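Single-structure report; data block below.
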Amino acid sequence: MTRRRQALTAWLFLTPAVLFFALLFFLPIGNQLLTGLYDSDGVSFVGFGNFTRAFGDPEVLHSFLITLVYAAGTLVVGTAAGLGLAVILNQALPGRTLFRSVLLIPYLTSVSIVGLLWRNILDPQVGILNRLLEAAGLPGQTWLSTHPLATIVGITVWSGAGYTMVLFLAGLQGIPGLYYEAARIDGAGPWRRFFAITLPLLTPTTLFVSIIGLISTLQQFALPYIVTGGGPGNATSLYAHRLFIVAFNDNDFGYASALSVLLLLVVLTLSLVQLRIGDRANA
Amino acid sequence: MPPIARRSFLQLGLGVTVLGAVGTGCSPATPAAKKQDPRTFTIYWNAGHGYQAYKEVIDQFGKDHDLQMNWQKFQWPDLTTKLTADFRSGNVPDLVEEVSAGTGTQYGLAGNVLALDEFASADKAFGFPGDFLDQAVVARQYEGKTYSIPLHLTANGLLFYNKAMLSAAGFDKPPSNWDEFLEVAKATTKDKVSGCSLNSDPSYAAPYYNQQKVDFSDAGAKQFMMPADGALRSLQWMQDLIFTHKVSPAPVATTDYSGPQKLFSAKRAAMFVSGPWDIGPIRQGSPDIDLGLAVPLTGAVQSAAMAGSGLMIPAKARDPKLSWELITKLAAVKVELAATKEAGMSMPRKSWAADPAVAADPSLGTIAKALAVVAKQDVALSASGKAAQVNELWKKAYQQMVIQHAPVEQTLADFRKQAGAAL
């Protein structure tokens, strides 16, 4: 087969995927970019006015800041929780398959159900959590009012820890047992083995978990929308929620499109930085 | 016929795919309005208003016109979101329930819903506007055009109270002013019961600031929550109920406005301020509660906030005449009476108010008294097209004050500044 024919065959097989992405991703992104260049009436061309406006909009800056806090909190706690669960359930424990399955259920549950579930559990007056705390003689919580963002982080971690655990389990099972055996013979304890073998060899998995987690947390919309409606005040009005308000409440689709393009750029930049860091770590 | 070689087959598939893709790519970026099935009639409705009385009318309308009736029910925020998306795509329903007076005006001035005056003037038997209470009509008009027809007319500001709890605390009648309200709330607060319960939804603050003669907006003058001393007094009083007197729990920020009603139904609150829409859930969910319903409180004045949905026809509705016909059937007085009997909802027609069944009902009598003291609405705010944006700013400010205990004076000042800038 000639080189030209090989290339043609490769393109032939790639074409459906290329078309899929072009039509369902790149074309809408281009359309979004174009819409972002127009005023809320969709007619008046404002150039990059909507983009520069975002940098002076206190509501947008606030939402971006709390989204970064939310993303950082979720990534750190979620990764630690997923890794911890994976390490525990990688041991030969009785019923570990059942535990793995149970821990994956929140991830498989619709985010709407998760949101409604936790909203009802955490309700200070009629929620089940305060009933349980009360029965145990403990003071009731009002976390949705006092620590709303941390509560949303907690719900996200609860919902996603099972999935992170599965990814880390796959990574753990790819580490040859030989390394641990050699380390044990050399007198390395469990912590030493974890930090010297497990953690470094899980770097690709950790990187993958971080990138996927970052992308999804920066785009989080459903949980604050369902659990707190972005409140109290604007305490949980994450960037995507703010974007939704601009589009569907303020009816300013030009500005909302500009905000979504800016979010895309941020996600893209942070993902590239993470990949670069990962490359250096692997080098 | 010779067999097609695998390579030829793949080449053929590629060609078809590319042609299809190019065709799709050349289509307009804004999707064209999707053609609806001409025999389907789509209605957007509030999920809490799906009364049997309306269902019967809609079903009969479908039979009469050989139409498939697609009655879609949403929570208000979801209905608004869907409608906004529909207006942009051009694929609109045939009839929509309007969340509150003024929303139709906002959509109408943007060219998204029809002015209904011509339909109404050509249909004398319907009795619009003559048979409708003025406040429900005026709030839906701008520069001589009416963009929606009132469906319900209610007042937010009714005092719901648990007769047994008040009686046990030594009160044989409900409070009538702010001082009495606080006194009763303090006396009924004990153990797990709160004397009252405030709402996280900012629209529920309206009766309180209206009772201090405060107007939410004067869009012409770009002023909000004025006069300032009355606004400060009312919001400070609400905040004090929670954080100083501790007679109300801090509301929880959610998209659900039924928190106080649920607390009341669970016998965890002795009083709350709301509208007729909460009568049904309490009577049905907690029939053992001896529910008392009282007229709005008096602060500097006695006042309530007007509420109640309407009906509007999207400008791109398939057959507006057909939509109008359904409006006349849904807003007919006999249907109003049936909905009142079913759900206790109050209605905008004068002939409804004059009906003996309505006049004899003590709860409806209380609602009628509340309707007599509703505060005037600022139609210019709806006409500005910025009402939703300003309301979102108010939601933030209100929740900061009553949930997060933010300083009232400063928060109100910030809100005025932001709302003025939004206009």
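Every residue, every condition in (1) surrounded by fewer than 23 Cβ atoms within 10 Å (Cβ to Cβ); (2) not small (Gly, Ala, Ser), yes or no:
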residue	(1), (2)
B:Ala115	yes, no
B:Val138	yes, yes
B:Ala155	no, no
B:Phe160	no, yes
B:Met165	no, yes
B:Ser176	yes, no
B:Phe181	no, yes
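When B:Asn210 is tested against (1) surrounded by fewer than 24 Cβ atoms within 10 Å (Cβ to Cβ); (2) in contact (Cβ under 8 Å) with a residue 40 or more places away in the chain; (3) within 21 Å of the chain's Cα centre (by Cα), exactly one condition is not met: (1).
The set of residues in the stretch B:63-79 being surrounded by fewer than 18 Cβ atoms within 10 Å (Cβ to Cβ) and in a helix (DSSP H, G or I) consists of B:Lys63, B:Asp64, B:His65, B:Trp76, B:Pro77, B:Asp78.
Taking B:Gln236, is it free of Cβ contacts under 8 Å to residues at least 12 places away in the same chain, out of contact with any strand residue (DSSP E or B) (no Cβ under 9 Å at 6 or more places or on another chain) and surrounded by fewer than 19 Cβ atoms within 10 Å (Cβ to Cβ)? No; evaluated as a whole, the condition is false for this residue.
When B:Ser382 is tested against (1) buried (at least 18 other Cβ atoms within 10 Å of the Cβ); (2) modelled with pLDDT under 90; (3) on the phi > 0 side of the Ramachandran plot, exactly one condition is not met: (3).
Looking only at residues in the stretch B:407-422 that are surrounded by fewer than 20 Cβ atoms within 10 Å (Cβ to Cβ) and hydrophobic (A, V, I, L, M, F, W, C), the one that is nearest to the other protein chains (Cβ to nearest Cβ) is B:Ala422.
Within the stretch A:118-139, the set of residues being charged (D, E, K, R), within 21 Å of A:Trp158 (Cβ to Cβ) and at the interface with chain B (Cβ under 9 Å from one of its Cβ atoms) comprises A:Arg119, A:Asp123. Scanning the stretch B:364-392 for residues that are outside any loop (DSSP other than H, G, I, E, B), over 18 Å from B:Ala110 (Cα atoms) and more than 9 Å from chain A (Cβ to nearest Cβ) yields B:Leu364, B:Gly365, B:Thr366, B:Ile367, B:Ala368, B:Lys369, B:Ala370, B:Leu371, B:Val374.
Please tell me if B:Lys267 is without any contact (Cβ under 8 Å) to a residue 24 or more places away in the chain and surrounded by fewer than 23 Cβ atoms within 10 Å (Cβ to Cβ). In short, no. Of A:Ser237, A:Ser260, all but one fail to be more than 14 Å from chain B (Cβ to nearest Cβ), under 30 Å from A:Phe51 (Cβ atoms) and buried (at least 19 other Cβ atoms within 10 Å of the Cβ); the exception is A:Ser260.
Out of all the residues in the stretch B:308-319, is one or more over 30 Å from B:Asn177 (Cβ atoms) and within 14 Å of another protein chain (Cβ to nearest Cβ)? Explain how you work it out, then say what you get.
So the first thing to find is which residues in the stretch B:308-319 are over 30 Å from B:Asn177 (Cβ atoms), and the list is B:309-319.
Still in the running and within 14 Å of another protein chain (Cβ to nearest Cβ): none.
The answer is no, given that none of the residues of the stretch B:308-319 is over 30 Å from B:Asn177 (Cβ atoms) and within 14 Å of another protein chain (Cβ to nearest Cβ).
Of B:Gln11, B:Gln68, all but one fail to be at pLDDT 90 or above and of a type in the set (S, T, N, Q); the exception is B:Gln68.
Checking each residue in the stretch B:140-191 for being in contact (Cβ under 8 Å) with a residue 60 or more places away in the chain, in a strand (DSSP E or B) and out of contact with any strand residue (DSSP E or B) (no Cβ under 8 Å at 6 or more places or on another chain) picks out B:Gln141, B:Tyr142. Does at least one position in the stretch A:128-148 carry a residue that is of a type in the set (A, V, I, L, M), surrounded by fewer than 15 Cβ atoms within 10 Å (Cβ to Cβ) and modelled with pLDDT of 95 or more? Taking every residue of the stretch A:128-148 in turn, none turns out to be of a type in the set (A, V, I, L, M), surrounded by fewer than 15 Cβ atoms within 10 Å (Cβ to Cβ) and modelled with pLDDT of 95 or more.
Of these, A:Leu83, A:Leu89, A:Leu65, A:Leu104, which one is more than 14 Å from chain B (Cβ to nearest Cβ), within 30 Å of A:Pro148 (Cβ to Cβ), of a type in the set (A, V, I, L, M, F, W, C) and crowded, with 17+ Cβ neighbours inside 10 Å? It would help to see each step written out before you state the result.
Numbers: A:Leu89 fails: within 30 Å of A:Pro148 (Cβ to Cβ); A:Leu65 fails: crowded, with 17+ Cβ neighbours inside 10 Å; A:Leu104 fails: crowded, with 17+ Cβ neighbours inside 10 Å.
One residue alone meets the criteria, A:Leu83.
Between A:Ile245, A:Ile215, A:Ile226, the distinction of being closer than 16 Å to A:Glu59 by Cα and either in contact (Cβ under 8 Å) with a residue 60 or more places away in the chain or out of contact with any Phe, Trp or Tyr (no Cβ under 7 Å at 6 or more places or on another chain) (or both) belongs to A:Ile245 only. Consider the stretch B:103-127 and keep the residues that are free of Cβ contacts under 8 Å to residues at least 60 places away in the same chain and in a loop (DSSP other than H, G, I, E, B). The one that is nearest to the chain's Cα centre (by Cα) is B:Ala115.
Meeting the requirement of 1 or more residues that are more than 14 Å from chain A (Cβ to nearest Cβ), the helices (runs of 4 or more DSSP H) wholly within the stretch B:222-290 are B:228-243, B:279-285.
Residues are listed down the side, and each one gets a yes or a no for (1) surrounded by 18 or more Cβ atoms within 10 Å (Cβ to Cβ); (2) at negative phi; (3) in contact with a helix residue (DSSP H, G or I) (Cβ under 8 Å, 6 or more places away or on another chain):
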position: B:Met306; (1), (2), (3): yes, yes, yes
position: B:Ser323; (1), (2), (3): yes, yes, no
position: B:Glu342; (1), (2), (3): no, yes, yes
position: B:Ala370; (1), (2), (3): yes, yes, no
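Based on this model, can you work out whether B:Asp78 counts as outside the structural domain of B:Gln211 (by TED's automatic domain parsing), under 15 Å from the mean Cα position of the chain (by Cα) and among the charged types (D, E, K, R)? Taking the combined requirement at face value, the residue satisfies it.
Just one of the listed residues (A:Phe221, A:Phe195) is without any contact (Cβ under 8 Å) to a residue 60 or more places away in the chain, within 14 Å of chain B (Cβ to nearest Cβ) and surrounded by fewer than 17 Cβ atoms within 10 Å (Cβ to Cβ), and it is A:Phe221. Residues that are in contact with a strand residue (DSSP E or B) (Cβ under 7 Å, 6 or more places away or on another chain), among the aliphatic types (A, V, I, L, M) and not in a helix (DSSP H, G or I) do occur in the stretch B:210-219. Among residues that are free of Cβ contacts under 8 Å to residues at least 40 places away in the same chain and exposed (fewer than 11 other Cβ atoms within 10 Å of the Cβ), A:Ala17 is included. Considering the stretch A:240-255, the residues that are away from every other protein chain (no Cβ under 11 Å) and small (Gly, Ala, Ser) include one that is nearest to B:Ala406 (Cα to Cα), namely A:Ala240.
The values are calculated or read from the model by the stated rules, or taken from the named source; none is laboratory data. Computed from a predicted structure; not experimentally measured. Ideal geometry is used to build each Cβ from the backbone, glycine not excepted, and the neighbour counts take in all protein chains shown.
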